[in-house]
Each structure stands twice: as C-alpha cells, then as structure tokens.
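Structure record follows, encoded as structure tokens.
The values are calculated or read from the model by the stated rules, or taken from the named source; none is laboratory data. All of these numbers come straight from a predicted model, not from anything done at the bench. Methodologically, a virtual Cβ is constructed for each residue, glycine included, from the backbone with ideal geometry; neighbour enumeration extends over all protein chains shown. These accessible areas exclude ligands, DNA and RNA; they are computed on the full protein's heavy atoms, side chains included. Shrake-Rupley method; radii C 1.70, N 1.55, O 1.52, S 1.80 Å.
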Amino acid sequence: MSSKVEKYDHDLNVVINRELSKRVRFVPSFTRSLYAVQQDVKWLEILITELDKAAGLWITKLSDHEEEEGEDESEDRPTERPSEVYENPMLEELRSFTEDSLKTPTLDHELDQGETDEDEIHIINDKKLKVLDKLVVYLRVVHMVDYYNGTEFPNEDEMPNKIGVFHIRGPVETSNSKNSLQDVHDWNKQLGGKMQGIIDDMRGVTIPLEEAVQIGLKTEEEAVEEFVKLNTEEQGPGKFHCPLSGKKFKGPEFVRKHIFNKHAEKVENVKKDVVFWNNYVREPKRPMEPLFPPAQQSNNGGSYSTSTPNTSYTAPPRPSYPGFPPPYGFPAPFPQAPAPKGRKVISYNDLDAPDEYDVLGV
C-alpha cells in the first residue's frame, strides 16, 4: 500500500518524526575573525532588541514617582520621558565587550587599503567570544532564530523537533586552505542581507511604491471601473446587457447603476481582491518565479545558460502535388530526364488517382 497521496497537483508523503541526525552544524571558522565579529555584534544587538520588545521581554514600567524624577526643572514644562525602559543585561555585556576588544579599523577600510593577507584577518580567541555565544544561543532558544544561518523558525514550539537545526562556529581549520579578507567580506554581505530581511519583516517594511507600481500595483477605482466595463455588453443601438443578471437596459449608465445597486457584494469582492493583490505585490518575501533561472552545471564543470532556444525561424511551405490536399501531398517531382529520340514517353497512371490524371504531368 502506497503512503503517497496526491492533493491539488502535489504529492503528500508520510514522514516519521525522527530525531535529527545532525542537529548542530558548523559554519566557516573565519566567523571568529575580528571583522566578522564586528558585524555579529551590530546585528545581534539590533535583532535581540527588536525581538525582545516585540515579545515584551526585559521591559520595566516606570512608576509615577520615577517619571516625576525625570522632569527638567530648568524649563517651564517637564521633559517627556518614556513610561517603559528596556534593559537586557546580556546586551550590556555585549557593549562592554565591544568597547574592550573591537577598537580596530573596519573591514571596508582594510579592503580599501588592499590588505587581503590571511594574517590580517585577526582571529579572536574563543574565550573572548563567550558573550557572543551566549547571545547566539539566546536567539536560538528564546526567539527561534538561527543566527549564523540567517533563518527564523516561527511556531517551532509546535513542531515535532524542538530547537532543530542549530549553526555554530566551526573548529579552527588546520588545513593549508587560506581565508582572505574578501572571504570574510562576502560572508558578512550574505549574512547581513538575511538579517536585514528578518528585521524588515518584523517592522512590516514593504517594497518601495515605485517598484510596486512597476510590478503591477492596482487601485480600487480602476479595478471597479474595469469590472463594470466587462459586465456591460452592447447588443445593438440602445440595447445593453448585464451578464450578471441577464437584464437589458437602454444605456450603459443604467447598467452601471444596476451593478452598484443589485450586485454590490460583487463590487466589494473586487475591492477585496485589489487589497489582497496589493499586499502580495508589496510583500518582500512573496512566492514568485525567479526572474533569472539559475545556470545549470554542464558535464565539463562549467555553467551554461538555460535560455530558450530561438524558435522564430519558420520553414518554407512544403510544395504539395496537385490534386492531393495537404498534408498528404507529395513534394514536387524531380526534373524529368530527356527522353531518347524515336521513343514515345510511356505514361504511368495511378489507379487510385482521379480520371485523366497523369502522375508524371505529361
């Protein structure tokens, strides 16, 4: 008996909830380099602050007495102070670590200077990175964000595997492979893009309006007018038909009034569809086909394009033999060789052909 079920053009398979064979996975060892740690400190502080505030963690409400102490007596009116204070002690440790260990030029400055040697990566001892490790674990356990993989696992507490895949810094490589500053720069760029996507998703950031218009942003007015136009059929002079109800009217303005009065629910559905479509268009993580298909790997290790071959060439029409309709007509006969002198050309007739029809055209 097969365990596969087809539903809505998709195959559903039964999967046994087994323990993950490789729960903890390693990322490149140069993530302990100085310039990678600089970016980690920046993103971890921003990400943890946003997630903590969204979840209401480490927030202390100020009492009325504490708010009165914040008044500025030198001015006529008191200074406005927030009624809540966010204080995460782990972030205080992170700031202290930044002030003590990360007072160095940035990676962009080093790349501008042309420094790309392995010795310039500045590997940091793991003992100094305990503060960083604590925040990475805090993100994974509390907020279900795998930092080094740049992935958020929403509703993971409802999944069979609690705290599934977890990426950490790998051991120091002892091989002869060298890591350059460009490797660290590429890593920071890729991871930074993932972190920015998670933060934008939490803040509800959408794509710019200009880009959304180019994709196909709609307006309710235009969609409603198009709906009315599609449901106003002219059947003759002074005769207009509404396909929604089958009624006939003397003018398009009467059909329009009829649609708004008798089919208001369909007009509202059109407006809802516009809202749904616009939300989809302005969603940065919307599912869509890739704009540029990825290059496929060839047998020799290189890559080649997957573009569709040019099929615009049209073959010339194949000549058909007279008397037979295409596509059963045969090509035109070959040029006939001259007949020898003193001999009459013999006619070969097809018995299935119409009467008085010469195959050789003689």
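A few notes on this one:
- Relative to the compact-globule estimate of 2.2 N^0.38 Å, the Cα radius of gyration of the range 185-239 comes out at 2.18.
- Remark: the range 171-266 carries a charge dipole of roughly 720 debye about the Cα centre, counting +1 on each Lys and Arg Cβ and -1 on each Asp and Glu Cβ.
- A simple spin-label model places pseudo-atoms 7 Å from Cα toward Cβ; at Glu87 and Asp133 they are separated by 2.8 nm.
- With the simple model of a label 7 Å out from the Cα in the direction of the Cβ, Asn279 to Gln190 spans 3.4 nm.
- Backbone HN-Hα couplings from phi across the range 185-201 [Karplus 6.51/-1.76/1.60, Hz, Gly and Pro as x]: 5, 5, 5, 4, 5, 5, 5, x, x, 5, 5, 5, x, 5, 5, 5, 5
- Linear extension gain, Lys162 paired with Glu6, 0.36 nm per residue minus alpha-carbon span: 53.3 nm
- Excluding same-chain neighbours fewer than eight residues apart, the lysines reachable from Lys250 by a Cα-Cα span under 20 Å are Lys229, Lys239, Lys262.
- Bridging of Lys189 to lysines at a Cα separation below 29 Å is possible for Lys22, Lys42, Lys53, Lys103, Lys127, Lys128, Lys130, Lys134, Lys178, Lys285, once same-chain residues fewer than 8 apart are set aside.
- Anisotropy class of the range 194-282 from Cα gyration tensor, a/c 1.5 cut: prolate
- Per residue accessible area in Å² of the range 160-226, where ligands, DNA and RNA are left out and the probe is 1.4 Å: 63
- Ranking by accessible area, most exposed first, for Ile123, Ile163, Ile259 with a 1.4 Å probe: Ile123, Ile163, Ile259
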